[in-house]
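Everything on this sheet refers to the single structure shown next.
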Amino acid sequence: MSRSRSRSFGSDCLIGRNKCQRPEPNEAPTYEAKHHPPPSPDYHDTGEQIRRCRIFNFDLRFTEATSCPTRVCSASEKVLAACALGSWLLLTGFVLFYVIYLLFGALVFSSIERPVEDKLRRDMEALKRDFLNQSCLSAASLERFLLQVLTANKYGVSVLRNASATSNWDLASSMFFANTLVTTVGYGHTSPLSDTGKAFSILYALIGVPFTMLVLTACVQRLMYPLVLAPVGLLQRSGMEPRPAFAVHFLLLLVLVVLCFFVAPAAVFSVVEGSWSFFDGVYFSFISLCTIGLGDFVPGTQPEQKYRQLYQVSVMVYLFVGLMMMYLLLRTFHKMADQHGLTTFLQLPRCEESDQDEDREPIVENKREDQAPPYLTDKAASQPLEPGSQPSYNSINKG
């Protein structure tokens, strides 16, 4: 009796293609039925629902055919329930770890920054007391003056150099603000003063943020082949296995990104800004390319800075290209995680190939024959799948 594309659940039920049968009384389940993974995701029959349960490296699929007189056996339902429970437990573990990570960061930041803040507050109180002793101003008048100064400074207007400083809303500065708005960096050094400007910022960001993400995604898809797939294919043709090839390529790309988008720009910022140290430049680059944008360091805000407009445009180009490379680095890490089975272990979706990559010829040719003999089909289908070659949820839904 042929049992191609089938899987046995103990001795309760055997689910096959377009039929549901029980095993013979004296027939023991085969090794393939007990231990080998299910068939490839392209298997799909009309009237059947293919369901998939993945917990770590365990895969299970079963069918519910209307023409089958026997429903899915209770063993498969128990396994599916266990898989669902495991998925929820894993998600709960992620949430708990996230909360613990936030608490850990809060404790570290509080222990480091609070003593410095207390010292600065004491220094300001002493400075205010000395100033009041040397002048005829009252404390209330001084506080009103300082409140107005700080409010103006929040909008990018400083009383120290306001008379001779250039406007924060000339063409170059306004374009720099628009760039920080649509890239979600948002330094906060300049913000709209009027309600009309605030309303326009909302509408502008609603369109600009998704469009910027679309442009970045399109650029990264065009760079995936020359910067990721082609170098990995070259490493594989040199004799490396896929997993080491992806790991080596990711490390090389990481070093290249750190040198070109963190170290080199930090050296430039430390020279151009003057008051920035090299570490301040590295800090600014990381905060900006991660779209955190704290606003404590903003380029192009020094008084009487030469070529200020050209400098701001150059920083805009740096931010766009840097964000694109960070996204490319994340995509490369995702593909490496697919190869090492990390996405399967964490039950995450796999990194799908773009349409352009699907149209290209494979980087490394398959050594297996195009046409396999019929008698090898069932044997090949019963072979264990590598973690990097397991089907994704999207591929099952497409089937």
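The values are calculated or read from the model by the stated rules, or taken from the named source; none is laboratory data. Computed from a predicted structure; not experimentally measured. Here Cβ is always computed from backbone atoms with ideal geometry, including for glycine, and neighbour counts include all displayed protein chains. All accessible areas refer to the heavy atoms of the entire protein, side chains included, with ligands and DNA or RNA removed. Shrake-Rupley method; radii C 1.70, N 1.55, O 1.52, S 1.80 Å.
ARG144 contributes about 140 Å² of solvent-accessible surface, heavy atoms of the protein only, 1.4 Å probe. Backbone geometry of the range 230-240 corresponds, through the Karplus equation with coefficients 6.51, -1.76 and 1.60 at θ = phi - 60°, to 3J(HN,Hα) couplings of 5, x, 5, x, 5, 5, 5, 5, 7, x, 7 Hz, x marking Gly and Pro.
If you count only protein heavy atoms with a 1.4 Å probe, what accessible area per residue comes out for the range 167-348, rounded to a whole Å²?
For the range 167-348, the solvent-accessible area averages 51 Å² per residue.
Extending 7 Å from Cα along the Cβ direction at ASP170 and again at SER201 yields two label points whose distance is 2.2 nm. Annotation: extensible slack from ALA81 through LYS128 equals 10.2 nm (criterion: 0.36 nm per residue apart, minus Cα-Cα distance).
Full extension of the chain between SER158 and ARG144 yields a length gain of 3.4 nm, computed as 0.36 nm times the residue separation minus the alpha carbon distance.
Whole-Hz Karplus values for the range 281-292 come out as x, 5, 4, 5, 4, 5, 4, 6, 6, 8, 6, 7 Hz, taken residue by residue from phi with 6.51 cos²θ - 1.76 cosθ + 1.60 and θ = phi - 60°; glycine and proline positions read x. Rounded to the nearest Hz, the phi-derived 3J(HN,Hα) couplings of the range 314-329 under the Karplus curve 6.51 cos²θ - 1.76 cosθ + 1.60 (θ = phi - 60°) are 5, 5, 4, 5, 4, 5, 5, 5, x, 5, 5, 6, 5, 5, 4, 5, where x marks glycine and proline.
The residues of the range 83-151 expose, per residue, 88 Å² of accessible area to a 1.4 Å probe.
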